[in-house]
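J.: Sending over a structure as structure tokens; questions will come in a sec.
None of the figures in this text is laboratory data; all of them are computed from the coordinates on show. Because the structure is predicted, anything quoted here is derived from the model rather than measured. A quick note on method: Cβ atoms are made from the backbone with ideal geometry, for glycine too, and the neighbour counts reach across all protein chains shown.
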Amino acid sequence: MAFAAFSSTTAQADPAPRRRSRVALLLLLPGILYLVLFFLTPLVSLLITSFQAPAEFGDIGQYTYAFNWQNYVDVVTDYWPHIVRSFVFALAATVLALLFSYPLAYFIGVTARRWPLLQSLMLVLVIAPFFISFLLRTLAWKQLLSDESFVVTSLKAVSLLAPDAHLTGTPIAVIFGLTYNFIPFMTLPLYTTLERLDLRYLEAASDLYAHPFEVFRKVTIPLSMPGIVAGTLLTFIPAAGDYVNASRDFLGGPDSQMIGNVIEANFLVLLNYPAAAALSIILMSVILVIVGIYVKRAGTEELL
Amino acid sequence: MKISLGRWLLPVYSALALLFLMVPIAYTFVFSFNDSLKSNITWRGFTFDKWLNVCAVQNGAVCEAFGNSLVIGSVATVLATVMGTMIAIAIVRYRFRFRSATSLLLFLPMATPEVVLGAGLAAQFLSLGVAKDMTTIILAHTMFCISFVVVTVKARVASLDPALEEAGRDLYGSSTQVFLRVTLPLLVPGILAAALLSFALSFDDFIITNFNSGAVTTFPKYIYISAARGIPAEANVIASAVFIFALVVVVTAQVSSAARAKRLAREG
């Protein structure tokens, strides 16, 4: 949804070609300048910081400008499990959120079309989690999945969980939390494309004796690809960088820390700014590469 | 039998899915009535006390954090909405050079993980020697809200009927008059939606805030810090009240826009 919104205006007929470009400049200038100052230059500072070396006679947290490649080698050797884990967790959460959201979005966008009131009411419920603090929601799950909770005791009663096992503090809980928290980001773009799905294509396929499953696989899914791409990106990117779910006070434990946790610890606790910056640059680069490949493979040009 | 099962499968699943989404919200709401002491983990009985004396706990630390979040959200929303709306109008209505570079610059903040945005700004403030306080939080929030405002308002500008502005010009309105009395009023629903989205994003932001807040506590940051030693039920009260308020605003907007659509349809 958000990604598609940046598309296709160039293709539209221009109402005012080349008209008063000075006005355009004045309209653009404040916002663009703002983004250059507070988005673009910070990324450059991050890059510069990532190469800094400790000051020779300085305190903890004091660094001088240098071209210290070693920072990158150090963070990868120290934190490669966290880096790998972040992308694995984010991938798992994205797949789970897609499986969870697709039928729901299909129901709201296609089946419920005849009842607009039901449709808008269900959409309000999908975004309702946004109205309550993200951290409190996650803490609520921590209590609901704690050792004395109904969920854990019943799982143990039916032997799906070993008697001495826990849910909180495990990778399962972190993936669960990530999935829950990003479900609305998946459902909304899916709903937007499915809502516009022309049902006559599905009818045409059935008329040609396609099995319902074949109709779904060969017609519905390809037609909803823009929503799937937007939803998976909107889920994967924030999930990979999240550190609230994996934090030890929330759903995580020592074996489930993600790259965000290490960036936070290095920047705010250990004051090891170069390490935090190098990890951020790695996270950002990997995401840009993944997004680039994915968008190319998925064949949608709607991203920009 | 098989057909009826298939017909019910999707509605039942959807209802259960929505119910699942509501679970932690219900939990937070219920525990705002817990007669808890320091931490709010086990149920100790029902009370209205926490709702009536929200600011009583910890010398009002919860309320102070909440107030900070309101101030930061309001200022960042105004700044982001003004700058974002201007960009949205320029993108839809004018041709200019560096168009794709502009789109990329607007898209990238949304595709960058929050932890990178937060650490980047913090690194910049650090190298410039800027002390972190309320201002740095507002600067950070404005930055990530702009792109979302542009996306939201742009859709509205693109769907405007150019005939309405032409009519204004035909009636000898100057371009300023046409903008202020025709274009801007027509854009108001989009601008309002964008402002609400910005406020919601700013109000609930934790990750970017955590990197750029110094000693200032916002509501999400308060929860994060308190998570280790237990969160007072008063935090649940504030979150529940905000939830109910937001729900009322959204449902009212939905109902009134449905009513307006009906009225327009009737008047033809």
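J.: Tally time: how many residues in segment B:222-241 are free of Cβ contacts under 8 Å to residues at least 24 places away in the same chain, assigned to a helix (DSSP H, G or I) and crowded, with 19+ Cβ neighbours inside 10 Å?
T.: Total meeting the criteria: 3.
J.: Still on this structure, I have one more. If I go through segment A:30-81 residue by residue, how many of them are of a type in the set (Ser, Thr, Tyr), assigned to a helix (DSSP H, G or I) and within 13 Å of chain B (Cβ to nearest Cβ)?
T.: Final tally of qualifying residues: 5.
J.: What residue, among those in segment A:251-280 that are of a type in the set (S, T, N, Q) and within 24 Å of A:Leu136 (Cβ to Cβ), is farthest from the other protein chains (Cβ to nearest Cβ)?
T.: A:Ser256
J.: Condition test on A:Leu123, is it farther than 13 Å from A:Tyr180 by Cβ and either in contact with a Gly (Cβ under 7 Å, 6 or more places away or on another chain) or part of a helix (DSSP H, G or I) (or both)?
T.: Yes, satisfied.
J.: Among the residues of segment B:45-96, how many are without any contact (Cβ under 8 Å) to a residue 24 or more places away in the chain and surrounded by 20 or more Cβ atoms within 10 Å (Cβ to Cβ)?
T.: Residues flagged as without any contact (Cβ under 8 Å) to a residue 24 or more places away in the chain and surrounded by 20 or more Cβ atoms within 10 Å (Cβ to Cβ) within segment B:45-96 amount to 3.
J.: Still on this structure, please answer the following. Six or more apart or on different chains, Cβ atoms under 8 Å: show the pairs whose first residue is in segment A:194-216 and crowded, with 16+ Cβ neighbours inside 10 Å and whose second is among the small types (Gly, Ala, Ser) and assigned to a loop (DSSP other than H, G, I, E, B).
T.: A:Leu194/A:Ser224; A:Leu197/A:Ser224
J.: Kindly indicate the residue of segment A:102-132 that is at the interface with another protein chain (Cβ under 8 Å from one of its Cβ atoms) and touching a residue at least 60 places away in the same chain (Cβ under 8 Å) and also farthest from A:Leu233 (Cα to Cα) among those meeting that condition.
T.: Only one residue tops the list, namely A:Ile108.
J.: Among the candidates B:Phe199, B:Phe206, B:Phe219, which residue alone is surrounded by 15 or more Cβ atoms within 10 Å (Cβ to Cβ), aromatic (Phe, Trp, Tyr) and away from chain A (no Cβ under 11 Å)?
T.: Just one listed residue meets the conditions, B:Phe199.
J.: Of all residues in segment B:98-141, which are within 7 Å of chain A (Cβ to nearest Cβ) and among the β-branched types (Val, Ile, Thr)?
T.: B:Thr102, B:Thr112, B:Val115, B:Val116
J.: Could you pull out every one of the helices (runs of 4 or more DSSP H) wholly within segment A:130-241 that has 3 or more residues that are under 18 Å from the mean Cα position of the chain (by Cα) and closer than 30 Å to B:Leu108 by Cβ?
T.: The helices (runs of 4 or more DSSP H) meeting that bar are A:134-144, A:171-195, A:225-241.
J.: From (1) touching a residue at least 12 places away in the same chain (Cβ under 8 Å); (2) of a type in the set (Ser, Thr, Tyr); (3) exposed (fewer than 14 other Cβ atoms within 10 Å of the Cβ), pick out the condition that doesn't hold for A:Thr77.
T.: A:Thr77 satisfies every listed condition except (1).
J.: When you check B:Phe245 against the structure, is it closer than 29 Å to B:Ile138 by Cα, exposed (fewer than 12 other Cβ atoms within 10 Å of the Cβ) and at the interface with chain A (Cβ under 10 Å from one of its Cβ atoms), yes or no?
T.: When the stated conditions are applied, B:Phe245 passes them.
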